[in-house]
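Asker: This structure is in structure tokens; I'll ask about it shortly.
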Ligand SMILES: Cc1cc2nc3c(=O)[nH]c(=O)nc-3n(C[C@H](O)[C@H](O)[C@H](O)COP(=O)(O)OP(=O)(O)OC[C@H]3O[C@@H](n4cnc5c(N)ncnc54)[C@H](O)[C@@H]3O)c2cc1C
Ligand code: SF4
């Protein structure tokens, strides 16, 4: 039997975007439902994952260990010359979404990131300026609880300070990497983190215990520990876990959504949610996929919001090339997260020539899989035995980068592969341009110079270009017109009065910064657009 539900707002996706939006809209007293495909994770589940990670001597136990991600998005990718570069799939289905296992780097965009077409001739401009976004970034930092400092000389202007002071630099950052960067004229500065450096709104300060994915103390922000409990206490909000949206239904005139057709995964009971407004907050892959799956036989034959043929185009993600240094002396151990990053190459380079990138460094200790499956490890062009590895690792450090990519990826439906409900999965094809490849090449020039400056014995080759799949974005971009994107600057889908999107899929372009602070800022801005100042 089909269940029916009538609400004011139907939000699909219980990740950071969906739960922040719900918690702000809830102040209106209106009835809200959050539809979430995945399950709830308990503190007991978290403790079990933590001990599983400890038993295997590595930190690879994860919330989605039992989920086959390729069943929902096959790895399908190619570079410009059709060499296959795998796009991985690290998103997490569950109440709290991918931020359950994120690293919590809360970097802001820089002003130029939002105007790359005008300033440098590639990518797409945002229909928002940095000044328009900045107040929302500040609110998002407070909402999430971000620790950060004022020592970043490359940052764009901020209207107020971080809600918490920055974490102190680790031994390695303070004594080895910081001075080496300084010798090359690069400022290494604190890394804004969604990890409390002092007690914050009921959260413990960081206790430096190095299990950040599961964070026993609760210092690291996780949606299920901060926003979900508040929502669970509100009489006007329901979070429906294990309920999967299958399609949105358009009305007879094609200008509104009239229902969300969903299924309870335990017993396959159909559930129809009728709402005044619908918001998709399903992440960078599932948001565009749902607009495609909801194509109707009439006004929206090519998918919702796709009158300009923009849906699924410009899919983007970061590249993360890295190098490993054998520093030749003990580098200390990792705090659990990198304390120093540098935005130097976001601010000083000529972006027409080379993509911008962030660099961050850490002792390699506890970073690589030295678990029971690992019997050898390739680095420094040699294969080390596990015994050698245990001996050498305390003096190894990594320098990783997060590089901007122009965004020539395409996301489409793959009719040859179906999910467990029978719907085509999303297929992602990335294409690397020569310009995209210049950032890893730049790292190849920089690494030996840094090695020399820190007196390192050796430095590895730059790792092969790969997409770790942390930041899928761009496939439902915001724009002034449907010829350039899928939703307008207020995140309303073109041609549909009551359908909104909030995800990094709405980013017209992604600079080198990780996206989540900006996603949260857009969620807060959307709540205010929908409900006015009362949502603040
Ligand atoms: C390992 C890792 C580390 C990261 N570290 C950082 C970092 O340091 N800094 C940073 O800024 N970002 C980081 N990220 C990225 C960050 O986690 C994401 O940008 C962010 O969590 C996205 O939030 P979201 O709410 O937009 O989407 P998601 O968290 O993906 O939430 C979408 C939700 O929608 C649900 N959903 C999907 N389909 C359906 C359906 N059909 N019906 C109902 N519900 C559905 C999903 O189950 C999911 O819960 C990291 C990501 C990974 C994987
Ligand atoms: S080091 Fe990581 S796990 Fe430990 S308290 Fe800090 S954030 Fe949490």
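Read-outs: derived from the displayed coordinates by stated rules, not from any lab. Keep in mind that this is a model prediction, so the values were computed, not measured. Every residue, glycine as well, gets a Cβ built from its backbone with ideal geometry; the counts of neighbours run over all protein chains shown.
Asker: Given a cut-off of under 8 Å on Cα pairs at least six residues apart, what relative contact order in percent is computed for the chain?
Answerer: Working: 1295 pairs, mean separation 128.1, N = 536.
Relative contact order here is 24 percent.
Asker: If r is the Cβ-Cβ distance from residue 268 to residue 184 and R0 is 51 Å, what FRET efficiency results, to the nearest 0.05? Can you show the working numbers first?
Answerer: Numbers: r = 60 Å, r/R0 = 1.17.
That pair, residue 268 with residue 184, gives E of 0.30.
Asker: Hey, fewest Cβ within 10 Å first, where do 245, 530 land in order?
Answerer: By the 10 Å Cβ count, ascending: 530, 245.
Asker: Work out how much length residue 160 to residue 83 would gain on full extension: take 0.36 nm times their residue separation and subtract the Cα-Cα distance, in nm to one decimal. Don't skip to the answer; put the middle values down first.
Answerer: Details: separation 77, 0.36 × 77 = 27.72 nm, distance 4.61 nm.
This chain segment gains 23.1 nm when fully extended.
Asker: Considering the zone a paramagnetic label at residue 205 would reach in this model (a point 7 Å from Cα along the Cα-to-Cβ line), which residues of segment 159-192 have amide N under 14 Å from it?
Answerer: 164-169
Asker: Relative to the longest principal axis of the C-alpha atoms of the chain, give the angle of the C-alpha long axis of helix 516-531, reported between 0 and 90° and rounded to the nearest 10°.
Answerer: Result, in degrees: 30.
Asker: How many Å³ per residue does the convex hull of the Cα positions in segment 87-140 occupy?
Answerer: 134
Asker: Now a separate question. Alpha carbons only, please: Rg and Dmax for the chain, in angstrom.
Answerer: Looking at the chain, its Cα Rg and Dmax stand at 22.7, 71 Å.
Asker: Of the peptides 95-105, 411-421, how do they stack up when ordered by the mean number of other Cβ atoms within 10 Å, highest first?
Answerer: Working: 95-105: 23.3, 411-421: 15.0.
So the peptides 95-105, 411-421, ranked by packing, come out 95-105, 411-421.
Asker: With N set to the number of residues, divide the alpha-carbon radius of gyration of segment 124-212 by 2.2 N^0.38 Å and report two decimals.
Answerer: 1.27
Asker: Could you put 402, 274 in order, starting from the residue whose Cβ has the fewest other Cβ atoms within 10 Å?
Answerer: By the 10 Å Cβ count, ascending: 274, 402.
Asker: For 257, 359, what's the fewest-to-most ordering of other Cβ within 10 Å of each Cβ?
Answerer: Details: 257 23, 359 26.
Ascending number of Cβ neighbours within 10 Å: 257, 359.
Asker: Restricting things to Cα coordinates, could you compute the convex hull volume per residue of segment 197-331 in Å³?
Answerer: Details: hull volume 27.8 nm³, N = 135.
Looking at segment 197-331, the number lands at 206 Å³ per residue.
Asker: Now a separate question. Could you give the distance between the Cα centres of segment 216-264 and segment 406-468, to the whole Å?
Answerer: Going from one Cα centre to the other spans 32 Å.
Asker: At 0.692 mPa s and 37 °C, plugging the Kirkwood radius over alpha-carbon pairs of segment 423-514 into Stokes-Einstein gives what diffusion coefficient in µm²/s?
Answerer: So the translational diffusion coefficient is about 198 µm²/s.
Asker: So for segment 42-114, considering every pair of alpha-carbon atoms, how many percent are separated by more than 15 Å?
Answerer: Tail of P(r) above 15 Å: 71 percent of Cα pairs.
Asker: On a full-extension model of 0.36 nm per residue, what is the gain between residue 438 and residue 348, subtracting their alpha-carbon distance, rounded to one decimal in nm?
Answerer: Full-extension gain reported as 30.9 nm.
Asker: Ok, one more. Pairing the Cα long axis of helix 130-144 with the longest principal axis of the chain, what angle in degrees results, from 0 to 90 and rounded to the nearest 10?
Answerer: The angle comes out at about 80 degrees.
Asker: How high is the FRET efficiency from residue 52 to residue 429, r the C-beta distance, R0 45 Å, rounded to 0.05?
Answerer: 0.85
Asker: What number, in percent, do you get for the relative contact order of segment 418-536 if the mean sequence gap of Cα pairs under 8 Å and at least 6 apart is divided by its residue count? Walk me through the numbers before you get to the answer.
Answerer: Values: 104 pairs, mean separation 18.0, N = 119.
Computed value for segment 418-536: 15 percent relative contact order.
Asker: To continue, here is another question. Relative contact order (percent) for segment 89-228, with alpha-carbon contacts under 8 angstrom and 6 or more residues of separation?
Answerer: Relative contact order of segment 89-228: 28 percent.
Asker: Would you mind pulling out the separation of the Cα centroids of segment 161-195 and segment 348-364, in Å?
Answerer: If you average the Cα positions of each part, the centres end up 15 Å apart.
Asker: Could you work out how far the C-alpha centroid of segment 17-51 sits from that of segment 478-536, in angstrom?
Answerer: For segment 17-51 versus segment 478-536, the Cα centre distance is 20 Å.
Asker: Oh, and also: Rounded to the nearest 5, what % of DSSP beta bridges with both residues in the chain are antiparallel?
Answerer: Within the chain, antiparallel bridges account for around 65 percent of the total.
Asker: Taking the C-alpha atoms of segment 474-536, how large are the radius of gyration and the largest Cα-Cα span, Dmax, in Å?
Answerer: 11.8, 34
Asker: Can you bin segment 88-241 into rounded, prolate or oblate? Criterion: square roots of the alpha carbon gyration tensor eigenvalues sorted a ≥ b ≥ c, rounded for a/c under 1.5, prolate for a/b above b/c, oblate for the rest. Display every interim value, and only then the final one.
Answerer: Details: a/c = 1.84, a/b = 1.21, b/c = 1.52.
Oblate shape, in that a/c is at least 1.5 and b/c is the bigger or equal ratio.
Asker: A further question follows. Between the helical axis of 16-25 and the dominant principal axis of the chain, each derived from Cα atoms, what acute angle in degrees is found, rounded to the nearest 10?
Answerer: 50
Asker: Rounded to the nearest 0.05, what FRET efficiency do residue 302 and residue 43 give with R0 = 45 Å and r taken as the Cβ-Cβ distance? Could you check? Please report the intermediate quantities before stating the final value.
Answerer: Details: r = 45 Å, r/R0 = 1.00.
That gives a FRET efficiency of 0.50.
Asker: Subtracting the Cα-Cα distance from 0.36 nm times the residue separation, let me have the gained length for residue 481 to residue 234 in nm, one decimal. Please report the intermediate quantities before stating the final value.
Answerer: Numbers: separation 247, 0.36 × 247 = 88.92 nm, distance 3.77 nm.
Difference between extended and current length: 85.1 nm.
Asker: Taking a label point 7 Å from the Cα of residue 445 along the Cα→Cβ vector, which residues of segment 289-328 have an amide N closer than 19 Å to it?
Answerer: Only 321-323 pass the distance filter.
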